[in-house]
Amino acid sequence: MTREPSQRPPSQETINGFVRIVGEDHAIRDADAMAPYLVEWRDRYRGNAALVLKPATTDEVAAILSLANETRTAIVPQGGNTGLVGGQIPFESGHEVLVCLERLNRVRGIDLEGNTMTVEAGLVLAKAQSVASSADRLFPLSLASEGSCQIGGVLATNAGGMAVLTYGSARDLALGLEVVLADGRVWNGLRALRKDNSGYDLRDLFIGSEGTLGIITAAVLRLFPKPAEAVTVFVGLDQLERAPLFFSRASDHAGAALTAFEIMPRIGIEFVLKHGNDTRDPLPSPHPWYILFELTSPRAGDTLIPIAESLLEAGVEGGEIQEAVVASSLKQATELWRLRELMSEVQRAEGGSIKHDVAVPVARVPELITRANQLVELMIPGARPVPFGHLGDGNIHYNVSQPPGMERAIFLSQWGALNAAVHEIVLDLGGTISAEHGIGRLKRDLLAHAKQPVELELMRRIKAAFDPNNILNPGKVL
């Protein structure tokens, strides 16, 4: 368990000062009312807080941080509370104040000529997608949690998702930011520029910093033409080692039209079929591995179907894949994507799950999974690996479900040892221990092993420069 930093509890006078900033109706003091904000959805972290504040404007966030900095009160920013590494959950002491950004949810403007929209941090990702779609544009960031996660949170964690292959991660989709600094000053960096070579890029420092350098309150987001045509394909393959070869072939065949390329094991599909509502097996016979990929084009004309068919024919002839189904309707495409989107959620029904969010070079994904599976069987006989994820960018969610019959608590007690062992394999393959979920509390103590000493020193210097009194999400990341 990550050690909590030493913090002083806020005085009653300080608490009253915070309440005056947002108003009594938007300050939560009751323990039961605060409870939903103090636990993450996997129930791995449960914290306490002196207060939950729900500001509605950037000025209110600025006033909160100004008072926090003056009184040395620790602040934990929180968006949709969908994070998986505990970065949005306060520690157990109850000395911290949680700042929930859900009321900062306005769309400040859309620039169709510049293909941007400016939105506030509390806007839910699915709403941002809907706003863009209503303007005949695409905001391509897509996550399983998009109905709950918020723009500020996905930027603070540099979320990735399904479409990184073509559109990049959250960092690539934000042109400018508005950020409240630790002392309450506001940096207005809401610039809709695609080129700005005027010094250090402050935007990129805040994106992925998990609320430890400042609180993002608004962002200028990139928009794209809406796809006029899309083809979704579900593929069965018998050898994991063939998956990177088929990905290379798909990239050659489809080029920029290849917008997603996901991999899933048979056990994951079985979990979804068992625990997910309205799901069905897409192929007539089972396979050890599956690929779900999508081709899109901003131009209509029925050009993608021939590309997909040619690709599949070449993949079968090359021995890379065995069979496939091409979605014949939007409904069927949605059903295929739902198999992938439910894969994390349904694991809860199978008991405890030890999770890893890692990335290695694409060509080394099969080696990662093979070596990790062998390791799991040695360390926890009978445990069930469920590795899946974004093969197109090498990001694998290497999850391990508990053995049937083992007590959940006993299994989860081995989280640290298994994480360390799997991460050793990842680093040996030239990978990273956190591809898109961040560091938070869960991986803070692992960072020293994964980063060079000079990297950690530079990160600590940046933290000290931006937050000298260590009030912003202390104990997270570093």
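Coordinate-derived values only; no laboratory data. Predicted model only: the values in this text are computed from it and were never measured. All Cβ positions, even for glycine, are placed from backbone atoms using ideal geometry, and neighbour counts span all protein chains on display.
Worth a mention:
- Segment 229-344 shape via C-alpha gyration tensor axes, a/c threshold 1.5: oblate
- Note, ³J(HN,Hα) from phi for segment 440-450, Karplus 6.51, -1.76, 1.60, rounded to Hz, x at Gly and Pro: x, 8, 4, 10, 4, 6, 8, 5, 4, 7, 8
- Judged by the mean number of other Cβ atoms found within 10 Å, the most tightly packed of the peptides 267-277, 455-465 leads the ranking 267-277, 455-465.
- To the nearest ten degrees, helix 243-254 and the longest principal axis of the Cα atoms of the chain are 90 degrees apart.
- Rel. contact order, % - alpha carbon contacts under 8 angstrom, at least six apart, segment 107-225: 33
- Taking the chain and dividing mean pair separation by its residue count, relative contact order in percent (alpha carbons under 8 Å, at least six apart): 16
- Span from the segment 74-122 Cα centroid across to the segment 10-71 one, whole angstrom: 13
- Of the GluC sites (Glu not before Pro) found in segment 89-184, those that fall in a DSSP loop while having at most 11 other beta-carbon atoms within 10 Å are E113.
- Helical mean residue ellipticity (222 nm; -39500 (n - 2.57) per DSSP H run of 4+; nearest 500) of the chain: -9500 deg cm²/dmol
- Against the main long axis of the alpha-carbon atoms of the chain, helix 125-134 sits at an angle near 70°.
- Net lengthening on full extension, A464/D111 (0.36 nm per residue, minus Cα-Cα): 123.4 nm
- Karplus 3J(HN,Hα) series, Hz, for segment 233-241 with 6.51 cos²θ - 1.76 cosθ + 1.60 (x for Gly, Pro): 10, 10, 10, x, 9, 9, 10, 4, 4
- Reducing segment 407-440 and segment 139-194 to their Cα centroids gives an inter-centroid distance of 26 Å.
- Packing rank of 389-398, 367-376, where each peptide gets the mean count of other beta carbons within 10 Å, highest leading: 389-398, 367-376
- Counting DSSP beta bridges with both ends in the chain, the antiparallel % (nearest 5): 85
- Per-residue extension of 0.36 nm, minus the Cα-Cα distance of Q12 and T57, leaves a gain of 13.8 nm for this segment.
- Total charge dipole magnitude, segment 101-179, about the Cα centre, Cβ charges on Lys, Arg, Asp, Glu only, Debye to nearest 20: 140
- Theoretical FRET efficiency, 1/(1+(r/R0)^6), r = Cβ-Cβ of R42 and Q239, R0 35 Å, to 0.05: 0.60
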